[in-house]
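A quick write-up on the structure given underneath.
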Amino acid sequence: MDRVRTWQAMRFHARAGEKLKDVVLQGALRKARPLFVAKRRKGMDSLAEDGLEFEMLRSAAKNIKNRILSDLDVWLEIFEERAKARGAEVLWARDGAEAARLVVDIAQREGVTKATKSKSMLSEEADLNAALAAAGIRPVETDLGEYIVQLAGEKPSHIIAPAVHKTIGEVEALFAKEHGRPIETRTSADIPDLAREARAVLRQHFLSAEMGISGANFLIAETGSAALVTNEGNGRMVTTLPRVHVVITGIEKLVPTLEDFATLMRLLPRSATGQAISNYVSLLTGTKRDGDHDGPEKTIFILVDNGRAKLLGSPYEEMLRCIRCGACMNHCPVYFSLGGHAYGWVYPGPMGSVLTPLLTGLDNALDLPHATTGCNQCGSVCPVDIPLPDLMHRLREEQVVRRRRPWSERLALKAWGWLAARPALYRWLARRAARYLDWLADGQGRIRVFGLLPEWTAGRDLPVSSARTFHEQYSARKRA
Ligand code: SF4
């Protein structure tokens, strides 16, 4: 939680202001967004080839996740029993700190000096890399995006594209410095070269690490397996080469059966990258058996709560359906104006605006439920039908009820309430305000600098729809 407090010290508004002025970041984001949106659309269109359609699948996926959540304790016990029957160990962690402690303990017991990692957002929640490094164990991120942000000493800015905020030039300079070679001038056409370079470096780590750490996209109760969905193959190296494999994941990742997993897999890659299926889909069950060529001698699941269990049965339970596809942030105008680091914790975008206050506490993320335009693009693309705008709205209501909004905002709302109860005065003032805004817009229909609320025009122009109020226009139409 210390990390959360540090981030909170610099609030979302302040970070957002910085990100809007960051020209390099803005360039990187401008390029990325259309790609994500177009790929998802293409992926969803391809459902028709299998005689399927999005709404039907989404409803099925929602039901699967709801079924798990209504009896999560029972399904977790089934998973534990099946995983143990295949030789795995199952440990439980109340929070991120406990999860990190368990991983460090295992590493020390097993004499581990280096651990390769496949992307795991839970390990970010647990600040696992810092805990491993403090214990003298070297963590090496092997997902290309995660590897880049680790070299840069940064945090991921997107849950499926951790380095989306970086330009090719920045990555080239970083690799030249870290890999000890002269810098060259590269273009996006040379990305395969950079990937090859990273692969050559990572191969040495794959071969020498004693422990592999991965997350899990899903846990399958009926088989006690972890399902890993990747595009780079690093997940397979991390989970099969080292002698110890630790899976660290949240308790809500369960699905009942392989068939349910197959249903969700029709939606996850399409929502994330537009692919009908990811390059590598691995089902990891138990440990290496006699006659197996590879696989870990020890497989240990660490199932982490970190604030999830208390959401069960609450008005926010629906958030636990999230399958971490990233579609909500890929379609969010706020996310693509600021990038993920503005959100201040592990999860950015609309899902982060809901999840961060729920997992870290309302007071640690007061601005986030307000980081929305209310356009509902996030809700409409979510493959498990999480009503993200409604949940943000509810969090905002809770802030008001618990008097967590600034006094100036509360005063303004009180004044608004007083005015709204006096229609004649309200209409008179609204007319004056509409004329004033129209005068400020100076015939252009856009206000470029608005002195009363400078934040409204800090990053864009404020459009002015009309010099006449809604009431005036309505009355005129009735008369006509
Ligand atoms: S909230 Fe929905 S769209 Fe966003 S990451 Fe989760 S599952 Fe994907």
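The values are calculated or read from the model by the stated rules, or taken from the named source; none is laboratory data. Quick caveat, the model's predicted, so the values are computed rather than measured. Cβ coordinates were reconstructed from backbone atoms using ideal geometry, including for glycine residues, and neighbour counts include every protein chain displayed.
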Report summary line: Looking across the range 155-173 at residues that are outside any loop (DSSP other than H, G, I, E, B) and small (G, A, S), the single one that is modelled with the lowest pLDDT is G169
Requested in this report: Confirm whether K288 is in a helix (DSSP H, G or I), of a type outside the set (A, V, I, L, M, F, W, C) and surrounded by fewer than 20 Cβ atoms within 10 Å (Cβ to Cβ).
Outcome: no
Report summary line: Scanning the range 459-474 for residues that are under 30 Å from E18 (Cβ atoms) and exposed (fewer than 12 other Cβ atoms within 10 Å of the Cβ), the one modelled with the lowest pLDDT turns out to be R460
Query - Qualifying positions in the range 161-174 - surrounded by fewer than 23 Cβ atoms within 10 Å (Cβ to Cβ) and within 16 Å of the chain's Cα centre (by Cα) - result: A161
**Report entry** the range 378-404, subset assigned to a loop (DSSP other than H, G, I, E, B) and within 12 Å of the ligand (Cβ to nearest atom), residue surrounded by the fewest Cβ atoms within 10 Å (Cβ to Cβ)
**Finding:** P387
**Report entry** Counted residues, the range 149-160 - those being of a type outside the set (K, R), in contact (Cβ under 8 Å) with a residue 40 or more places away in the chain and away from the ligand (no atom under 16 Å from the Cβ)
**Finding:** 1
Query raised in the report: Would the range 248-269 turn up any residue that is assigned to a loop (DSSP other than H, G, I, E, B) and under 23 Å from G349 (Cα atoms)?
Result: no
Query raised in the report: Across the range 116-154, what is the number of residues that are surrounded by 20 or more Cβ atoms within 10 Å (Cβ to Cβ), within 20 Å of the chain's Cα centre (by Cα) and not in a helix (DSSP H, G or I)?
Result: 8
Requested in this report: May I ask you to list the residues in the range 337-368 that are more than 14 Å from the ligand (Cβ to nearest atom) and closer than 18 Å to A28 by Cβ?
Outcome: S337, L338, G339, H341, A342
Query raised in the report: Quick one: how many residues across the range 73-94 are surrounded by 18 or more Cβ atoms within 10 Å (Cβ to Cβ) and either over 23 Å from the mean Cα position of the chain (by Cα) or assigned to a helix (DSSP H, G or I) (or both)?
Result: 9
**Report entry** Close pairs from the range 339-352: first assigned to a loop (DSSP other than H, G, I, E, B), partner near the ligand (Cβ under 9 Å from one of its atoms) and at pLDDT 95 or above, Cβ under 6 Å, at least 6 apart
**Finding:** Y347/L355; P348/M329
Report task. Using the structure shown, decide if A420 is out of contact with any Gly (no Cβ under 7 Å at 6 or more places or on another chain) and closer than 18 Å to R468 by Cβ. Result -> no
Report summary line: Of those in the range 405-436 that are loosely packed, with under 11 Cβ neighbours inside 10 Å and not in a helix (DSSP H, G or I), the residue modelled with the lowest pLDDT is P406
Requested in this report: Look through the range 313-336, keep the residues that are within 12 Å of the ligand (Cβ to nearest atom) and among the charged types (D, E, K, R), and return whichever of them is nearest to A61 (Cα to Cα).
Outcome: R321
Query raised in the report: When you go through (1) more than 30 Å from V24 (Cα to Cα); (2) within 12 Å of the ligand (Cβ to nearest atom) one by one for T299, which number turns out not to apply?
Result: (2)
Query raised in the report: Scanning for something within 10 Å of the ligand (Cβ to nearest atom) and more than 22 Å from F36 (Cα to Cα), does the range 281-288 turn up at least one residue?
Result: no
Report task. Identify the single condition in (1) closer than 30 Å to K21 by Cβ; (2) touching a Lys or Arg at 6+ places or on another chain (Cβ under 9 Å) that G445 does not satisfy, given that it satisfies every other one. Result -> (2)
